[in-house]
1. Scanning the range 95-119 for residues that are surrounded by fewer than 12 Cβ atoms within 10 Å (Cβ to Cβ) and assigned to a helix (DSSP H, G or I), which turns out modelled with the highest pLDDT?
2. Any residue in the range 165-192 that is of a type in the set (G, A, S) sitting within a Cβ distance under 6 Å of a residue that is not in a strand (DSSP E or B)? List the pairs, counting only those 6 or more apart or interchain.
3. Could you check the range 56-90 and list, in sequence order, the residues that are among the β-branched types (V, I, T) and either open to solvent by 60 Å² or more (accessible area, probe 1.4 Å) or out of contact with any strand residue (DSSP E or B) (no Cβ under 7 Å at 6 or more places or on another chain) (or both)?
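The values are calculated or read from the model by the stated rules, or taken from the named source; none is laboratory data. Values in this document were obtained by computation on a predicted structure and should not be read as measured data. With ideal geometry, Cβ positions are generated from the backbone for all residues, glycine too; neighbour counts draw on all protein chains shown. Just the protein is used for accessible areas: all its heavy atoms, side chains included, with ligands, DNA and RNA removed. Shrake-Rupley method; radii C 1.70, N 1.55, O 1.52, S 1.80 Å.
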Amino acid sequence: MNIQLALDRLTREECFQILEKTSPYVDWIEVGTGVIKEYGMSIIREIRERYPDKIIVADMKTCDAGKHETIQAFEAGADITTVMAFSADKTITDTLEVAESRGKRVMIDLLGVSENKRVRELQELGVSLVSLHIGKDMQETGASTGSLFDLVQGISGLETAVAGGITLETLPGIVENNPGTVIIGSAITKAADPAEAAIAMKGLIKE
């Protein structure tokens with residue numbers, strides 16, 4: 001099970017300060033949507049240069065112009081780019097084709113998806129990696145990641161990542177469902193000691 005560190009709502013300096021402390025304890029580095037909007041593809045390139053051995057996820061949240069945005073992310077050094085599940089099927093298949101041609105991957109973000117039917121459709125399109133996601137705004141209403149796994153119930157052969165305000169306290173419940181990747185943001189990035197927080201999360205996953 002991977003830990004994906006989500007760098008979001010941070011300055012460039014904060015991103016690199018946090019990575020310096022936590023990179024030994026995380027598996028995938030996510031360049032968050034807000035960071036990409038602030039700094040563009042250049043910050044993906046910088047992180048790739050400094051951490052050549054890490055898997056880098058560009059959280060592009062693409063919903064149109066799939067081919068163009070996917071090429072952008074991969075040429076900047078990302079290994080995985082994200083595409084929204086509500087996008088047109090053509091957008092999704094375009095991104096999958098670009099990824100396949102370059103030996104890269106697409107993670108489909110299920111934010112806002114409420115039916116297992118859409119997940120099955122995505123798998124038929126060739127999707128192999130999805131993100132079960134409670135968004136930041138919904139977290140503020142008290143929504144939790146608990147019911148997200150219902151979306152992939154009965155679907156085999158699909159790799160899952162889980163995101164949405166995950167903390168050391170809620171992590172055990174997530175781990176029980178055995179996702180491939182746990183996406184953790186502020187529980188590490190806003191911690192008094194980000195390295196200690198990452199080590200604790202890693203330890204819990206390994207138990």
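1. If we filter the range 95-119 for residues that are surrounded by fewer than 12 Cβ atoms within 10 Å (Cβ to Cβ), which is where we start, we get 101, 103, 114-115, 117.
Filter once more, so that each one left must be assigned to a helix (DSSP H, G or I): 101, 117.
Numbers: S101: 98, K117: 95.
That would be S101.
2. From residues that are of a type in the set (G, A, S), the pairs are G165/Q139; G185/D8; A187/T167; A191/A197.
3. Within the range 56-90, just I71 meets the criteria.
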